[in-house]
Structure formats: C-alpha cells, structure tokens
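Enquirer: Quick one: structure below, then a few questions.
The values are calculated or read from the model by the stated rules, or taken from the named source; none is laboratory data. What you are looking at is a predicted structure, and each value in this text was computed from that prediction instead of being measured. In this analysis, Cβ positions are derived from the backbone assuming ideal geometry, glycine residues included, and neighbour counts consider all displayed protein chains.
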Amino acid sequence: MGMAELLHFLCFFGVFWGFIKDSVCVTLNNEIQNGEKPKNGAVEMKTKIVTIGKMDAPEDINKKLSEAGSIIQNGGLVAFPTETVYGLGGDALNPESSKKIYAAKGRPSDNPLIVHIADIAHLESIVCEIPQKAKLLADAFWPGPLTMIFRKSQLVPYQTTGGLETVAVRMPSNVLASQFIEKSGGYIAAPSANISGRPSPTSAKYVKQDMIGRIDMILEADDVEIGLESTIVDVTCEVPMILRPGYITQEMLCGIVGEIKVDETIFDSSSAAVPKAPGMKYRHYAPKGELVIVEGEPQAVVGFINEKTAAHKSRGERTGVLCTEEWLTQYHADSIKNAGSRNDCKTAAMRLYTFLREFDDENIAYIYAEVFDNAGLGQAVMNRLLKAAGHHIVKV
Ligand code: TXA
Ligand code: MG
C-alpha cells in the first residue's frame with residue numbers, strides 16, 4: 001500500500017470510528033441505562049436520564065417535567081433535585097408507589113417518608129390540623145429546608161407514613177422540585193435518593209451510582225445548594241421539638257416560636273430513649289473505612305492524627321483526614337479533604353457527604369475527622385458526622 005492509500009485508509013477508518021462512537025453516544029443520549037441487578041426486591045428496570053440545564057428553553061424544561069410528572073401519576077419513581085439533597089419521588093397518595101420507594105432504596109418499611117408539596121393550600125388535605133406555631137414556621141421558612149410533622153388525614157396511606165398516625169411535610173424551595181411536584185399531582189413522597197445506609201446524594205452523579213436500574217427516571221440538574229437533609233420539627237406537641245437538625249437552626253426556629261425542644265437522642269448516643277424520627281435510629285452514612293472524630297486543642301489533634309496516619313502508612317493502610325482549611329497543610333494522610341473555614345459551617349455541610357463517598361472511592365481504610373463547632377448549622381454537621389462515625393469520638 002502506498003502512502004496515499006494508507007492515508008486514505010486511515011482517514012476512512014477515522015470517519016468510521018467517529019460513526020461508531022457517535023452511535024454509542026446516541027444510545028447513551030437516548031439516556032436509557034441499565035444498572036447492576038438491584039437487590040432487596042427492587043425490580044430491575046431501564047432508567048431514563050433527563051438532563052435539565054440552565055440554558056434550556058422554558059418550554060423544553062416544561063416538556064421534560066411533564067414527562068416526569070406523568071411517570072409519577074402512573075405509579076412510577078423519579079429522582080429529582082431539591083435544595084437539600086436529591087430526592088427519590090413517588091406519588092405520596094398511592095400506597096403502591098411508596099412500596100416501590102422502599103424496595104428501590106432497600107429501606108425498612110417502618111421508616112416513614114416525607115411528603116413534598118408545592119402549594120401551601122395542599123397542606124390542609126393531608127393533615128388533620130395545622131397548629132398556630134406550624135403556621136408561623138411555614139410563613140417564615142417555606143418554601144425551604146424545613147420538614148414539619150403533623151397528624152395525618154385519611155388521604156395519606158399508612159404505607160407512606162410507615163404505619164404512623166403522623167405525616168412529615170416539606171415544601172422545597174428548589175424551582176425544578178416545585179414544578180415537578182405540581183406536574184405530578186401535588187404530593188410527592190421522597191426520601192433521599194441513595195441506597196439505604198449510604199450518604200444522601202448531593203449531585204446527580206451519586207444518584208446515578210445508586211439508582212440506575214432501580215427507578216424509572218433521573219432528573220439530572222445542578223448540584224444541590226445545602227448538602228444536608230432538611231431540619232425536622234414535630235409540631236404535634238405544645239412545644240415544637242427538633243427531631244433532626246438541619247439548615248434551619250434551633251436559633252432560627254426559636255426566633256419564630258420562642259421555645260423549642262431538641263430530641264435528646266440526636267447527640268447522646270448513650271440515651272436509652274428511642275429517636276422520635278424513626279430514621280434517626282439507623283446507622284446512616286457510614287463510609288466503608290473506619291471513621292474516628294478527634295476532639296481537643298489544635299496541636300494535640302494534629303499531633304494525634306499524624307501519629308495515627310503514620311502508623312497506618314507503615315502497615316500499608318490508606319488514610320484520610322477530614323479537616324478545616326486552617327489546619328489543612330499540617331496533615332500527611334493519603335487523602336486530605338478541605339471542609340472549609342472553621343468559621344463557616346456552610347462549606348462543611350455542602351461537602352460532607354461528597355467526602356464520605358470519595359473516601360470510599362479512594363479505598364481509604366482509616367479516616368480521622370476534626371470536630372466542628374456545634375452551634376448553628378454546625379449542629380447538623382456534627383449530627384451527621386457522629387452518625388457516620390457510629391459516635392466514635394476520641395478526646396486528646
Ligand atoms: O431534605 C430532606 O428532607 C430530603 C429531601 C429529599 O427532601 N429528604 C429526606 O428524606 O431526607 P429521608 O426519608 O431520607 O428522611 C426522612 C426522615 C427519616 O428520619 C424519617 O424517619 C423521618 O424523616 N420521618 C418521616 N416521617 C416522620 C413522622 N411521621 N414522624 C417522625 N419522623 C418522620
Ligand atoms: Mg435519607
């Protein structure tokens with residue numbers, strides 16, 4: 001073959017390869033993907049991935065959300081973004097949809113789901129009464145990252161509330177979430193879109209990791225803004241009680257209703273009481289590696305962690321550190337995660353779950369975490385970190 005023929009051949013092959021590649025991409029762009037075989041009784045299925053970008057025309061977004069809405073109205077499941085974490089949605093008023101949610105997540109069915117609404121007028125049909133303090137809290141924080149527990153009306157099936165007489169309700173502020181809820185008939189039951197026991201997904205990438213092959217559709221949009229799940233407040237009692245800390249802090253709630261109680265089990269692992277939010281009793285968010293929280297004066301903490309990581313390294317074990325920006329350069333672990341400044345828990349909240357997943361991806365066997373200030377949003381960060389560590393905390 002002469003040089004000209006060879007070039008001709010290479011050129012032809014290049015075009016041919018481009019064609020093959022494009023057809024593979026078209027298949028993926030058709031955005032139907034199969035995942036690994038789901039366990040826990042979930043039906044293996046094709047998952048359609050629909051991406052919604054900032055530059056999309058409103059009528060395109062409308063079309064995509066309508067398709068998602070009709071899946072929900074036909075009893076299917078769709079994962080969608082909210083301002084806190086991605087949710088795994090089904091029709092809250094359809095018992096079969098709730099059963100499918102439990103199966104897709106591999107979640108115990110005594111762990112109730114949050115009902116998401118987009119219109120405050122819809123609250124009345126799913127609860128028995130709206131206490132005055134709940135009205136004040138809704139005025140102040142809805143739409144937003146606050147979930148309230150009410151006595152449920154007959155419209156809400158026990159399959160959605162895990163057999164309870166109460167129902168958790170939240171009105172998200174994320175615009176796509178609220179349009180999706182409206183298109184779905186107004187009531188979306190949605191836990192976080194992770195397999196039970198894994199960190200809640202803060203980006204569509206993690207939803208795909210956990211949910212492809214288990215649900216009908218994933219609405220893929222931007223990463224979430226907050227990164228930790230909503231604050232849960234029980235408003236069925238005279239003095240409202242925080243069952244799960246979140247972005248709406250104790251101080252913010254007190255500012256509206258005065259007195260607020262906090263479920264004692266949130267921070268005290270030795271408490272004999274059963275958590276009032278059934279989900280809080282499970283050991284969530286556990287990374288595969290052993291996670292230890294280290295508390296003490298700065299130099300003592302850095303010294304302890306460096307000593308431990310050096311010992312692990314000498315045995316060939318991979319180590320990780322989750323720390324604040326201020327102390328970052330002092331560590332020598334294999335993987336060092338920057339949780340932002342000591343004075344800004346927002347960054348820690350936003351990054352925590354991503355870091356826990358990344359430590360797993362990097363095969364980190366031992367993880368050491370600094371303590372975050374347990375005030376304001378720090379309360380939620382420490383609550384999730386303590387759960388991830390199985391309350392393993394070392395004081396140095
Ligand atoms: O930010 C959030 O709340 C996210 C997004 C998707 O909205 N959802 C979420 O859902 O975190 P999930 O299922 O992962 O957590 C719901 C928590 C569980 O701990 C559950 O036990 C509690 O809410 N819960 C639900 N209904 C309840 C009820 N009637 N009484 C007490 N706790 C309840
Ligand atoms: Mg969850």
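Enquirer: Just name the residue that is surrounded by the most Cβ atoms within 10 Å (Cβ to Cβ) out of those in the range 171-188 that are closer than 12 Å to ILE126 by Cβ and touching a strand residue (DSSP E or B) at 6+ places or on another chain (Cβ under 6 Å).
Expert: Among residues in the range 171-188 that are closer than 12 Å to ILE126 by Cβ and touching a strand residue (DSSP E or B) at 6+ places or on another chain (Cβ under 6 Å), the one surrounded by the most Cβ atoms within 10 Å (Cβ to Cβ) is ILE188.
Enquirer: Identify all residues within the range 169-189 that are of a type in the set (Gly, Ala, Ser) and out of contact with any helix residue (DSSP H, G or I) (no Cβ under 8 Å at 6 or more places or on another chain); write none if there are none.
Expert: So in the range 169-189, the residues of a type in the set (Gly, Ala, Ser) come out as 173, 177-178, 184-186, 189.
Result: SER173, ALA177, SER178.
Enquirer: Select, from LEU291, LEU243, the only residue that is away from ligand 2 (no atom under 16 Å from the Cβ), within 20 Å of the chain's Cα centre (by Cα), under 30 Å from LYS105 (Cα atoms) and in contact (Cβ under 8 Å) with a residue 40 or more places away in the chain.
Expert: Checking each option against the conditions leaves just LEU291.
Enquirer: With respect to ILE248, determine if the residue is more than 16 Å from ligand 2 (Cβ to nearest atom), closer than 28 Å to TYR86 by Cβ and assigned to a strand (DSSP E or B).
Expert: no
Enquirer: Give me a count of the residues in the range 183-216 that are within 22 Å of PRO95 (Cβ to Cβ) and more than 13 Å from the chain's Cα centre (by Cα).
Expert: Residues meeting the conditions: 10.
Enquirer: Quick check, is ILE226 within 11 Å of ligand 1 (Cβ to nearest atom), at pLDDT 95 or above and among the hydrophobic types (A, V, I, L, M, F, W, C)?
Expert: yes
Enquirer: Looking at the range 220-227, can you tell me whether even one residue there is on the phi > 0 side of the Ramachandran plot and within 21 Å of the chain's Cα centre (by Cα)?
Expert: We begin by selecting, within the range 220-227, every residue on the phi > 0 side of the Ramachandran plot; these are 227.
Keeping just the survivors that are within 21 Å of the chain's Cα centre (by Cα) gives 227.
So far as the range 220-227 goes, yes, one or more of its residues are on the phi > 0 side of the Ramachandran plot and within 21 Å of the chain's Cα centre (by Cα).
Enquirer: Right, another one. Mind checking which residues of the range 275-330 are within 14 Å of LYS387 (Cβ to Cβ), of a type in the set (D, E, K, R) and assigned to a loop (DSSP other than H, G, I, E, B)?
Expert: Answer for the range 275-330, where residues must be within 14 Å of LYS387 (Cβ to Cβ), of a type in the set (D, E, K, R) and assigned to a loop (DSSP other than H, G, I, E, B): just ARG283.
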